[in-house]
Amino acid sequence: MDMLVVGGGYVGLAMAVAVKQAAPHMAVEVVEAAPADVWQKDPRASAIIEAAIQMFSVFGLWDEISAEAQPINKMIVTDSKTGDPVRPVFLTFGNDGGKSDGDADADAGEARPFAHMIPNSVMVGALLKACERIGVTIRNGVKATAFKAGPVSAEVTLSDGTTLAPRLVIACDGVKSALRDMAGIKTVNWSYGQSGIVTTVEHELPHDGVAEEHFLPSGPFAILPLKNNRASLVWTERSEDADRLVEADDLVFEDELERRFGHKLGSLKVVGPRRAFPLGLTLARAFVAPRIALCGDAAHGIHPISGQGLNLGFKDVAALAETVVEADRLGLDIGSVEVLERYQTWRRFDTFRMGVTTDVLNRLFSNDIAPVRLVRDIGLGLVDRVPKLKDYFIAQAAGKPNADSPKLLAGRAL
């Protein structure tokens, strides 16, 4: 086997598709501990930036996915207390092709949303079909229990007793990656004492593709538009409060939800399961070791305040796939540290920068200290009023490619 991907979620499947599509001769397998249909039953949705959408277009999957995708046409950012009757808007991002309102070059005729909301079940379903079409083998219901790097290949033992010998192993098994630990890669991590409550609501009035992020004393409350007058919520609370809310009866939960959501979209109804996920920062000290590379949450777990967690994983996929495919074409050993170092160099700074940014933003906005509130509101207002600064943040949010970007993120095949 050439490449074994451990973890069959969105990042793992995208990694397998990216390499197998560009190098059909390579033997690529995916191992996933969960049963075959678990990921397809995921009720959540994710905000996918324009750069990642370009990658799905190269895979030939965007036409299928886009039918269920909701464009985010506008982003509104507010900063207030939970009980404030009015929430002043300090920052807006519009659907104007990645340009700020003050940029005369913005061409409304070529406007593209900087992100789309995509149901996770739709995304993983499309990736699974692609795997079947191009010949990626998927083993469900088994997990990797041992890893050992060798001079020519790795040795990976599975829970069913099978031993595999891939030239390269990709760890896509999440923020608590067992494979990362087996490879001896250490992490830097801490908890925020917060949890993210995730659920889906149905509302009475149309959202017009507008997403909102309200910075509240306990953490950000994000309203992300979905099709059919629905919205996906990422609601940050202190962990003990989040647990209490998730376990509360519907009346209590919806009452607390309305206090934060407001009434601008009419009456609300919770239509999805509610779950709470503990939030923290985890950064791997290294992204690669002999015969193994970390990808997605196995390499980095960040706060959802910027909505970039999964998108960072897709950026990893684009960079790692390009590294592996080009090394294979040159006849190099795809599992050697010398080859994998290119991927690590490519991705570590961007990941570190995003981890620090989300950490600082969360600490800055998840409090109700008056002087801090004044400083951050002035900062948001400044960004909103300085076109070049605003353009920069929009470009970062959309993952706008530059000269050093991986090909897939610019819509180019490997």
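Laboratory data are not the source of any read-out in this text; all were calculated from the coordinates shown. Quantities reported herein were computed from a predicted structural model and do not represent experimental measurements. FYI the Cβ positions are ideal-geometry reconstructions off the backbone, even for glycines, and counts take in every protein chain you see.
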Footprinting exposure proxy for VAL17, VAL246, VAL234 (fewest neighbouring C-beta atoms within 10 Å first): VAL246, VAL234, VAL17
Would you kindly derive the ³J(HN,Hα) couplings of the range 272-281 from the backbone phi angles with the Karplus curve 6.51 cos²θ - 1.76 cosθ + 1.60 (θ = phi - 60°), listing them in order in whole Hz, with x for Gly and Pro? x, x, 10, 9, 10, 10, x, 10, x, 10
Proximal aspartates and glutamates relative to LYS269, as straight alpha-carbon distance under 14 Å, when same-chain residues fewer than 8 apart are discounted: GLU202, GLU204, ASP249, ASP250, GLU254, ASP255, GLU256, GLU258
Fraction of antiparallel bridges per DSSP, the chain only, in percent to nearest 5: 75
Provide the per-residue ³J(HN,Hα) series for the range 188-196, in order, calculated from phi with Karplus coefficients 6.51, -1.76, 1.60 and θ = phi - 60°, each as a whole number of Hz, with x at glycine and proline positions. 10, 8, 7, 9, 8, x, 10, 10, x
Summing -39500 (n - 2.57) over the DSSP H runs of n ≥ 4 in the chain and dividing by its residue number, what mean residue ellipticity at 222 nm do you reach, to the nearest 500 deg cm²/dmol? -11500 deg cm²/dmol
In what order do HIS300, HIS25 fall by count of nearby beta-carbon atoms within 10 Å, going from fewest to most? HIS25, HIS300
Two pseudo-spin positions, 7 Å from Cα along C-beta at THR162 and at ARG275, lie apart in nanometres by 2.5
Under a point spin-label approximation (7 Å from Cα along Cα-to-Cβ), what is the LEU330-GLU258 distance to one decimal in nm? 6.3
Two decimals is fine: what's Rg over Rh for the chain, C-alpha atoms, Kirkwood radius as Rh? 0.97
Nearest-ten-degree value, helix 10-22 long axis tilted from longest Cα axis of the chain: 50
Whichever aspartates and glutamates have a C-alpha closer than 19 Å to that of LYS315, once near sequence neighbours (fewer than 8 apart) are set aside: GLU50, ASP173, ASP297, GLU326, GLU341, ASP350, ASP404
Rounded to the nearest 10 degrees, the helix 309-329 long axis (Cα) sits at an angle to the longest Cα principal axis of the chain of 30
Under the rule a/c < 1.5 gives rounded, and otherwise a/b versus b/c splits prolate from oblate, where does the range 284-333 land using the Cα gyration tensor? oblate
Taking other Cβ within 10 Å of each residue's Cβ, how do ASP241, ASP384 sort, fewest first? ASP241, ASP384
Can you give me the distance in nm between label points at ASP350 and ARG112, each placed 7 Å from the Cα along the Cα-to-Cβ direction? 1.5
For the chain, take the longest principal axis of its alpha carbons; what is the angle in degrees between that and the long axis of helix 50-59, to the nearest 10 within 0 to 90? 40
Going by the alpha-carbon gyration tensor, a ≥ b ≥ c the square roots of its eigenvalues, is the range 344-385 rounded (a/c under 1.5) or, if a/c is not under 1.5, prolate (a/b greater than b/c) versus oblate? oblate
Taking θ as phi - 60°, what are the ³J(HN,Hα) couplings along the range 117-123 by the Karplus curve (6.51, -1.76, 1.60), each to the nearest whole Hz, with x for Gly and Pro? 8, 10, x, 4, 5, 5, 5
Local electrostatic count, LEU294, Cβ distance below 15 Å [Lys/Arg +1, Asp/Glu -1]: +3
